[in-house]
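Visitor: One structure coming up, written as structure tokens, with questions to follow.
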Amino acid sequence: MFESSLKQLGDALRAKKISSVELTQCYLDRMAQLNPQLNAFITINPEMSLAQAKAADARLAAGSADALTGIPIAQKDIFCAKDWLTTCGSKMLHNFVSPYDAHIISQFNNAGAINLGKTNMDEFAMGSSNETSYYGPVKNPWDTARVPGGSSGGTAAAVAARLCAAATGTDTGGSIRQPAALCGISGLKPTYGVCSRYGMIAFASSLDQAGPMGRSAEDLALMMNVMAGFDERDSTSLQRDKEDYTRDLNKPLTGLRIGLPKEFFAEGMGSDVAKAIEAAIAEYKKLGATIVDISLPNSKLSVPVYYVLAPAEASSNLSRFDGVRYGYRAPEYNDLADMYEKSRAQGFGAEVQRRIMIGTYVLSHGYYDAYYIKAQRIRRLIAQDFVEAYKHCDVIMGPTSPSTAFKLGEKGDDPVQMYLSDIYTIAVNLAGLPGMSIPCGFGDNDMPVGLQIIGNYFNEARMLNVAHQYQLATDWHSRAPKGI
Amino acid sequence: MIPYQPSLNIVFAMSLSTQDVEKVARLARLAMSPSEIETSRNQLNGIFGLIAEMQAVDTDGVEPMSHSQDLAQRLREDKVTESNQREAFQAVAPQVEQGLFLVPKVIE
């Protein structure tokens, strides 16, 4: 049952072969057994999950079930969920029981899905290894001495260890794709504006985007049908017609043009990763695709541009945490300014404070044009490279991450080394394009390798088709970590 | 292609002083001890070394990009759409009294 797809689970529930309460209890038992060694969840609330399951069973009995009704889905702890502790991985929100639902949470509730728990994450989604969480690091189910990636590392570990049927993530610079790659699962970051950011705790608002993480492209398509859609409460939500993201899954790939950016295959990528990516490209050729050599000359500037723009927007967004209206307040202080300074210094972890400092500096008087505006200009150059590339190809492929999962503590002391692990994913956020990662083999130490698929704007259904056809021809996505 | 040159611009080449970092910490409302200021200074200088790469890029005539879809800001009718949920929202506040958020005395 833990290997069943979302479609199989939905069919079983509608055929009354299993009830949602039974299914949810199976997952809760598995979480109780395995979560202590993985630390993938910050909050588990069996009572609330089972109450939802009971309601789902009533809906199933009434014959008004949707595709995901009754299916247990885990939610990244960045999404506000009414009456659930919502921490965003931070001490700052250690006591924040959300008074309202994020749009994404409402969408899953309306679909009748079960909220199975809130997954661990890097604090305020700032990190690539899940080591910045106030609630302790998540362990990679393939090797618990290694990181799961970040920031959606709890989600990735939970999906890989079969602790939930599927789960949500968010991606500002690679936070869905990189942990998906490092944990051997599938993840999709949609086009910026496709999923509402309402109630999703803000990191860098011009880059943040929610998306699904699961065990197959087919599962991601069903999740997208729930998550995507216009929401007037998010000023950057896009007004578009409702799509069925499963519609193209079964189309053949004959004639597909795959662009390979030479910059993604230059130095920096591990030889074990390169081998798995090359094998995946060879498989696509067998499926009827043709290869086009392309160039993204400005993509190498993505990391510096990102580390100006994201901290700048973060320093502005995180100014709301002042110890007055919600969250942590220091126990002792002298006056108002002292209360702000101590509450923020004690409530935020080191990485979050570092990024607030960078952002405050680049936005301060005299530096705004030299840093922030300059970075925004280069951002356009990076986006234009993709526009040019898509004149010659349908999708772009390359590695998701330069290496497989590294060991806990390995990059802890050097922020620059950690930032460089996002080198292949960041350009996609800057351009606002959809990107995904699917498992395509194993590298050194038998750790999973992820293939990144980058699509043109709003081409999610096509990308899911491209991923699904590969997953019909290979079985990397159905491999499970041993001993889990 | 982007012409790559060594960074010469003063803004990018300079490293932050202790006073600079203290000023940023004050603007960011983050209490920091002298040793934390020093750690922060070293890490920020490392990160600004990474960022300095931007300086060599010719961006003359390139419009800054804030969002990928260049859309106009959506407007809505100027009317009240939210109901009052003061009790629910104040339930998560550190200190409230009679419907007000309490902070340390500001006016003597």
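Visitor: Once a ≥ b ≥ c are taken as the square roots of the eigenvalues of the Cα gyration tensor of the range B:23-72, is the result rounded (a/c under 1.5), prolate (a/b larger than b/c) or oblate (a/b not larger than b/c)?
Guide: Oblate is the answer for the range B:23-72, as a/c is 1.5 or above yet b/c matches or exceeds a/b.
Visitor: Between B:Glu63 and B:Leu27, what FRET efficiency follows from the Cβ-Cβ distance if R0 is 22 Å, with the result rounded to 0.05?
Guide: Here the calculated transfer efficiency is 0.20.
Visitor: Something else: So if we plug the beta-carbon distance of A:Arg247 and A:Ser319 into 1/(1 + (r/R0)^6) with R0 = 30 Å, what FRET efficiency do we get, rounded to 0.05?
Guide: Calculated transfer efficiency: 0.10.
Visitor: Let me ask something additional. Select from the range A:286-348 those GluC sites (Glu not before Pro) which occupy a DSSP coil region and have at most 12 other Cβ atoms within 10 Å, ordered by residue number.
Guide: Sites meeting the loop and neighbour criteria: A:Glu332.
Visitor: Among A:461-469, A:181-189, what's the highest-first ranking by average C-beta atoms within 10 angstrom per residue?
Guide: A:181-189, A:461-469
Visitor: Shape call for the range A:6-255 from the C-alpha gyration tensor, a ≥ b ≥ c root eigenvalues: rounded (a/c under 1.5), prolate (a/b greater than b/c) or oblate?
Guide: Rounded is the answer for the range A:6-255, as its axis ratio a/c remains below 1.5.
Visitor: If I require 18 Å or longer along the helix axis, counting alpha carbons, and a Kyte-Doolittle average no lower than -0.5, what helices from chain A are left? Use full DSSP H segments.
Guide: A:20-38, A:46-62, A:271-286, A:302-317, A:350-363, A:374-389, A:460-473
Visitor: For the pair B:Arg74 and A:Ala350, how long in nm is the line joining their label points, each one 7 Å along Cα→Cβ?
Guide: 4.2 nm
Visitor: Something else: Is there a quick way to get the dipole size of the protein assembly as shown? I mean about its Cα centre, with the Cβ of Lys and Arg at +1 and of Asp and Glu at -1; what is the value in debye to the nearest 20?
Guide: 900 debye
Visitor: Turning to a different aspect of this structure: What is the protein assembly as shown by shape, rounded, prolate or oblate, if you read a ≥ b ≥ c off the alpha carbon gyration tensor as root eigenvalues and call it rounded for a/c under 1.5, prolate for a/b larger than b/c, and oblate otherwise?
Guide: oblate
Visitor: Quote to one decimal, in nm, the extra length available between B:Leu102 and B:Arg86 on full extension: 0.36 nm per residue of separation minus the C-alpha distance between them.
Guide: 4.3 nm is the gain from fully extending B:Leu102 to B:Arg86.
Visitor: Projecting each Cα onto the charge dipole of the range A:6-255 (Lys/Arg +1, Asp/Glu -1 at the beta carbon, about the Cα centre), which of A:Pro179, A:Leu50, A:Thr254 comes out farthest on the positive side?
Guide: Positive-end residue among those listed: A:Thr254.
Visitor: Would you mind checking which residues have amide H under 5 Å from A:Gly443's amide H? H placed 1.01 Å from N; only 5 or more apart, or other chain.
Guide: HN-HN under 5 Å from A:Gly443: A:Val449.
Visitor: Let me ask you something else. Looking at A:Gln239, A:His392, A:Asn115, which one has the Cα that reaches farthest to the positive end of the dipole of the protein assembly as shown (charges on Cβ: Lys, Arg +1; Asp, Glu -1)?
Guide: The listed residue farthest towards the positive side: A:Asn115.
We did not get these values from a lab; they are worked out from the coordinates using the rules stated. What you see is a predicted model; the values in this text were computed from it and never measured. Every residue, glycine as well, gets a Cβ built from its backbone with ideal geometry; the counts of neighbours run over all protein chains shown.
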